[in-house]
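Every number here is computed from the coordinates shown, using simple stated rules; none is lab data. Because the structure is predicted, anything quoted here is derived from the model rather than measured. Quick reminder, even Gly has a Cβ in these numbers, built from the backbone with ideal geometry, and neighbours come from all protein chains shown.
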Amino acid sequence: MKLVSDSNEVFVRTATFKARRIINGHSVETVGKNNLDFIISHRFDRLNRGFEEFFGLDAATNRLGLEYGINDRFMIGMGRSSFQKVFDYFTKYKLIRQSTGSINIPVSVTLFGGYAIRTQKTVPQLSAFNRSSYTAQILIARKFSEAFSLQISPTLIHRNRADIFTDNRTVFASGIGGRMKLTKRTSINGEYNYVLPNQINDNYKNNLAFSFDLETGGHVFQLLFTNSYGMTERQFITETDGSWGSGDIHFGFNISRTFSFEKKKKVNP
Amino acid sequence: MKQYLILVSFILTFNFASAQNKLYSSNKSDVSFFSKTPLQDIDAKNTRANSIINLSNRDLVVRIPVSSFQFKNKLMQEHFNENYLESEKFPYATFKGKIIEDLELSKPGVYSVNASGILTIHGVDQERKFSGKITVAENKLVLETAFDVMLIDHKIDIPKLVFKKIAEKIAVSASLNYIPYKK
């Protein structure tokens with residue numbers, strides 16, 4: 001039996017992840033139209049620094065970021081990290097949205113493109129070209145259930161000049177990340193970035209991170225543990241030197257605050 | 001959804017002979033709600049509601065896909081679906097009822113009507129009675145109504161943190177246009 005326009009309803013799966021980051025890496029989510037996200041991220045020093053350094057809390061790096069939704073699919077963002085004084089700029093486009101109903105799409109796909117430049121002075125000073133790196137990602141995620149989402153993120157990072165001469169300048173990697181909701185407003189996230197073999201020096205480790213997310217209205221708090229100090233793709237995917245096994249674990253957090261620029265109606269007093 | 005289909009098929013089969021031309025389905029709908037507090041006004045619109053009205057026995061069903069409510073603020077929309085209405089678990093808000101007055105609704109005119117039945121929001125059923133207005137024209141019907149929904153009646157929890165921003169009583173208004181139902 002056909003029921004008018006009624007069986008034509010499409011249910012787009014929203015909120016595959018709470019935040020625009022799974023932990024370090026980007027999630028399929030984009031900022032809503034006319035919304036501005038301000039993101040403050042910190043990574044403290046390694047836990048294995050011991051009591052004298054208060055388990056790493058005496059030192060920290062930060063990244064301040066701004067992200068803005070041009071429309072509900074397309075967003076732009078920028079950030080500045082204190083580590084290596086990196087400026088990063090990126091865009092994300094939600095290509096495909098997971099949906100059920102009359103249009104059945106099993107996954108969400110978001111494209112990510114980013115550019116980052118180190119501005120920390122070095123000896124010898126490198127040209128801007130040699131301090132630049134580029135990242136392209138295809139973020140593919142599925143919200144399996146209300147509580148469980150999984151994402152794989154094939155990644156390509158190109159550095160105009162690698163820190164170690166023998167490293168590939170173009171590095172292929174793939175991230176995998178997921179979240180498990182505990183309550184309506186909290187979740188546990190995990191993320192692993194696997195760099196395909198024989199591309200970078202063996203001293204570099206793959207990035208692994210776990211976080212606890214708490215969402216309160218316009219804020220998302222992510223309390224996390226990770227083995228990388230940096231927060232841009234080049235840093236945490238291709239230049240992570242910490243190892244979980246030897247306790248090179250950084251405590252950190254991301255706090256995102258969303259501001260809305262919807263046109264406000266006058267409120268009657 | 002199943003229940004709705006069953007109800008509709010019930011209406012279709014048992015009243016088919018007499019009611020076929022008395023069955024009207026919505027072709028255009030506009031449902032919106034407002035939450036007003038001193039701190040924040042929230043409003044959202046939904047044009048995806050569906051309804052069927054049977055003029056012979058005055059049965060009325062309305063079904064609204066919850067996730068189709070459009071907010072100006074997309075973050076609010078996400079919270080509305082994720083945290084408050086849980087629209088993946090409860091995709092539809094429905095009303096299944098009957099118009100109480102024994103009116104000859106096939107004659108053109110404006111009628112004020114009352115309908116009683118079950119309002120289901122957030123998976124919680126409430127026995128409700130609504131009043132509204134039906135305007136009948138040639139092969140056309142318009143139903144307009146406005147009513148309040150108490151969040152507590154439908155087990156929609158508002159955390160203390162945002163308690164002052166979201167009204168406990170939400171004002172809903174709906175306008176539904178019907179045309180004769182074609183198979």
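Worth a mention:
- Descending by average beta-carbon neighbour count within 10 Å, the peptides A:195-203, B:164-172 line up as B:164-172, A:195-203, the highest first.
- In region A:9-260, lysine pairs closer than 28 Å at Cα, eight or more apart or cross-chain: 25
- Note on A:N104 and A:D58: with the Förster distance fixed at 35 Å, the Cβ-Cβ geometry gives a FRET efficiency of about 0.10.
- In this rough spin-label picture, where each label sits 7 Å from Cα along the Cβ direction, the A:R257-A:V123 distance is 4.1 nm.
- Using the Karplus relation 6.51 cos²θ - 1.76 cosθ + 1.60 with θ = phi - 60°, the per-residue 3J(HN,Hα) values for region B:160-176 come to 4, 4, 10, 4, 7, 9, 10, 5, 6, 10, 9, 8, 10, 10, 9, 9, 10 Hz, with x marking Gly and Pro.
- Cα-Cα P(r), region A:9-260, percent of pairs per 5 Å interval: 1, 6, 13, 17, 21, 18, 12, 7, 3, 1, 0, 0, 0
- 222 nm mean residue ellipticity, helices alone, for chain B (DSSP H n ≥ 4; -39,500 (n - 2.57); rounded to 500): -3500 deg cm²/dmol
- Remark: mean inter-chain Cβ contacts per residue of A:255-261 equal 2, using a 10 Å Cβ-Cβ cutoff to other protein chain atoms.
- GluC sites (Glu not before Pro) within region B:102-166: DSSP coil, no more than 12 neighbouring Cβ in 10 Å: B:E104, B:E138
- Inter-chain Cβ neighbour average for residues B:63-76, partner chain, 10 Å: 5
- Highest-fluctuation residue, A:G245, A:G69, A:G25 considered, GNM on chain A with Cα pairs under 10 Å: A:G245
- When the alpha-carbon atoms of the protein assembly as shown are used, the pair Rg, Dmax equals 27.1, 91 angstrom.
- Counted by Cβ distance under 12 Å from A:N35, the other residues give a net charge of -1, where Lys and Arg count +1 and Asp and Glu count -1.
- Rg and Dmax of region A:1-121, Cα atoms only, in Å: 19.8, 73
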